[in-house]
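The values are calculated or read from the model by the stated rules, or taken from the named source; none is laboratory data. These numbers come from a predicted model, not from an experiment. Cβ: placed from backbone, ideal geometry, glycine included. Neighbour counts: every protein chain shown.
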């Protein structure tokens, strides 16, 4: 999954083409901690593969998500979304994932005011571009470069609607990406790769329209 660029315009086109004549649109904002696991930096030096330990970190995360739930043909359980967020998987790396999600939900506590349920467990799966800017050091090496890579995005959450238009939600998110940069080694440069596996715990608010 190395350096596979997915243009944002393509993902937007897919989302717009998926929109039926009638849909429940939503706009979400969220924040919470993002905890990245420790991993290794892999690079080649003197024709031999070398590895160095990289410490993951906990960082604040914030993001926005917009999308729709289908309402035609009794498909109110199916939706699509485009998500943009920000977090720091390690000290000198800033990551901005731009991902497209296919989503499903289940309706609980239905009544006349909330025909699709006041409580809605949901899940999402997708992927997109992870823009990882490294400025400073990675492992023990200086780096100043941006890596654009395809990454995976998994969501599990629960929404509670206070009114037909406003909801609060909590969400677990897992992301995986494999960035690569040119790092400085003994006065030269070499390509270095790593994995960022990150666990996110999010709280947010959703507007439905």
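Quick check, is residue 10 modelled with pLDDT under 90 and farther than 14 Å from residue 80 by Cβ?
No: the conditions fail for residue 10.
Can you tell me which residues in region 49-75 are touching a helix residue (DSSP H, G or I) at 6+ places or on another chain (Cβ under 9 Å) and over 23 Å from residue 32 (Cβ atoms)?
Listed by number, the list holds a single entry, 68.
Out of 95, 146, 99, 90, report the one residue that is in contact with a helix residue (DSSP H, G or I) (Cβ under 9 Å, 6 or more places away or on another chain) and within 27 Å of residue 38 (Cβ to Cβ).
Checking each option against the conditions leaves just 99.
Kindly indicate the residue of region 185-195 that is surrounded by 14 or more Cβ atoms within 10 Å (Cβ to Cβ) and in a strand (DSSP E or B) and also modelled with the highest pLDDT among those meeting that condition. Give the steps one after another, and end with the answer.
To start, the set of residues in region 185-195 that are surrounded by 14 or more Cβ atoms within 10 Å (Cβ to Cβ) comprises 185, 189-190, 192-195.
In the following step, the residues that additionally are in a strand (DSSP E or B) were identified as 185, 189-190, 192-193.
Values: 185: 82, 189: 84, 190: 87, 192: 91, 193: 94.
If we take residues in region 185-195 being surrounded by 14 or more Cβ atoms within 10 Å (Cβ to Cβ) and in a strand (DSSP E or B), then 193 is modelled with the highest pLDDT.
What's the number of the only condition in (1) assigned to a strand (DSSP E or B); (2) in contact with a strand residue (DSSP E or B) (Cβ under 6 Å, 6 or more places away or on another chain); (3) at pLDDT 90 or above that residue 60 fails to meet?
For residue 60, the failing item is (2).
When you go through (1) surrounded by 13 or more Cβ atoms within 10 Å (Cβ to Cβ); (2) without any contact (Cβ under 8 Å) to a residue 60 or more places away in the chain; (3) within 28 Å of residue 207 (Cα to Cα) one by one for residue 60, which number turns out not to apply?
Going through the list (1) surrounded by 13 or more Cβ atoms within 10 Å (Cβ to Cβ); (2) without any contact (Cβ under 8 Å) to a residue 60 or more places away in the chain; (3) within 28 Å of residue 207 (Cα to Cα), residue 60 breaks only (1).
When you scan region 79-89, do you find a residue that is in contact (Cβ under 8 Å) with a residue 60 or more places away in the chain and not in a strand (DSSP E or B), even just one?
no
Going by what's in this entry, would residue 181 be described as buried (at least 19 other Cβ atoms within 10 Å of the Cβ), over 18 Å from the mean Cα position of the chain (by Cα) and touching a residue at least 12 places away in the same chain (Cβ under 8 Å)?
Against the criterion (buried (at least 19 other Cβ atoms within 10 Å of the Cβ), over 18 Å from the mean Cα position of the chain (by Cα) and touching a residue at least 12 places away in the same chain (Cβ under 8 Å)), residue 181 qualifies.
Just a yes or no: is a residue in region 163-171 in a strand (DSSP E or B) and without any contact (Cβ under 8 Å) to a residue 24 or more places away in the chain?
no
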